[in-house]
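Undergrad: Please find one structure pasted underneath; my questions will follow.
The values are calculated or read from the model by the stated rules, or taken from the named source; none is laboratory data. Fair warning: this is a prediction, and the values are worked out from it, not measured in the lab. Positions of Cβ are generated from backbone atoms using ideal geometry, with glycine treated the same way; all protein chains shown enter the neighbour counts. Heads up: the accessible areas ignore ligands, DNA and RNA and are worked out on the full protein's heavy atoms, side chains in. Shrake-Rupley method; radii C 1.70, N 1.55, O 1.52, S 1.80 Å.
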Amino acid sequence: MSYNLPPRRRYKLAAREQQETLLPFVRYLPSRNHPHYWQMPTAAENYAIACAYGRECAAHLLQWLKDNPEYVGSGLLSRVARDIDFDDHSQRGHWMGFFNYLEHMLWLGARRVRVYRHLDNQHQLHDAQTLRAWLEARRQRHQKRPR
């Protein structure tokens, strides 16, 4: 048994929700009011084919992130992981191919970055954002206070 891989595409569109549902593994289900982030075809009898499909889906996710850098770090990968049923062993090839390809791409990216220096910069950025939000909330509280 084999099945076709999803067609390759670019993902730069106006609405984020529309972009995410264009990913080949994201679908709206009638039982949910938000997308389900791991909808795969029926598992292939051939484990290698299922792995290939998973790798292809990971490439779509990477292209989506590349086309939409403003959403990097917004939790898309965590929504995918949340919706995978890791107990469904018939789908193991899909998620193994998916995550193994992402690991490979992470390694390629990490080779080009001083990881801990970049992490320290991210910590500083998040600390500054937290402080800014706290200061803005404090300012709003003081402005609302009767004089």
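Undergrad: Considering only protein heavy atoms and a 1.4 Å probe, what is the carbon-and-sulfur percentage of the accessible area of the chain?
TA: Ligands and nucleic acids excluded, carbon and sulfur give 54 percent.
Undergrad: Going by the alpha-carbon gyration tensor, a ≥ b ≥ c the square roots of its eigenvalues, is the range 15-63 rounded (a/c under 1.5) or, if a/c is not under 1.5, prolate (a/b greater than b/c) versus oblate?
TA: oblate
Undergrad: Let me ask something else about it. At 222 nm, what value in deg cm²/dmol follows for the chain if DSSP H runs of at least 4 each add -39500 (n - 2.57) and the sum is divided by all its residues, to the nearest 500?
TA: After summing the helix terms and dividing by residue count, I get -19000 deg cm²/dmol.
Undergrad: How about the range 41-101: which GluC sites (Glu not before Pro) there are in a DSSP loop, with at most 11 other Cβ atoms within 10 Å of their Cβ?
TA: E45
Undergrad: While we're on this one: Note the angle between two axes, namely the Cα long axis of helix 115-144 and the longest principal axis of the Cα atoms of the chain, as a number of degrees from 0 to 90, rounded to the nearest 10.
TA: Once rounded, the angle reads 50 degrees.
Undergrad: Could I ask something else about it? To the nearest 20 Debye, how big is the dipole of the range 51-119 about its Cα centre, given +1 on the beta carbon of each Lys and Arg and -1 on that of each Asp and Glu?
TA: 520
Undergrad: Compute the accessible area per residue over the chain, keeping the other protein chains in place, probe 1.4 Å, unit Å².
TA: On a per-residue basis, the chain sits at 72 Å².
Undergrad: Taking only the C-alpha atoms, wrap a convex hull around the chain and report its volume per residue in Å³ as a whole number.
TA: Dividing the Cα hull volume of the chain by its residue count gives 169 Å³.
Undergrad: Under 14 Å from the Cβ of P6, count the other residues' Cβ atoms, weight Lys and Arg +1, Asp and Glu -1, and hand me the total.
TA: Net charge around P6: +4.
Undergrad: Related question: Angle, helix 47-67 long axis vs. longest principal axis of the chain, Cα atoms, 0 to 90°, nearest 10?
TA: Relative to the chain, helix 47-67 is tipped by roughly 30 degrees.
Undergrad: Modelled label-to-label distance, Y116 and S74, 7 Å Cα→beta-carbon offset: nm?
TA: 3.3
Undergrad: Give the long-range amide H neighbours of H36: residues separated by 5 or more places, or on another chain, with amide H under 5 Å away, using H modelled in the peptide plane at 1.01 Å from N.
TA: Amide H to amide H, under 5 Å and 5 or more residues apart or across chains, H36 pairs with R27, Y28, L29.
Undergrad: Still on this structure, I have one more. With point charges of +1 on the Cβ of Lys and Arg and -1 on the Cβ of Asp and Glu, referenced to the Cα centre of the chain, which listed residue (V115, F86, H36) lies farthest in the positive direction of the dipole?
TA: Checking the options against the dipole of the chain, the answer is V115.
Undergrad: Additional query: What order, most packed first, do the peptides 94-102, 131-139 have when packing is the mean number of other Cβ atoms within 10 Å of each residue?
TA: 94-102, 131-139
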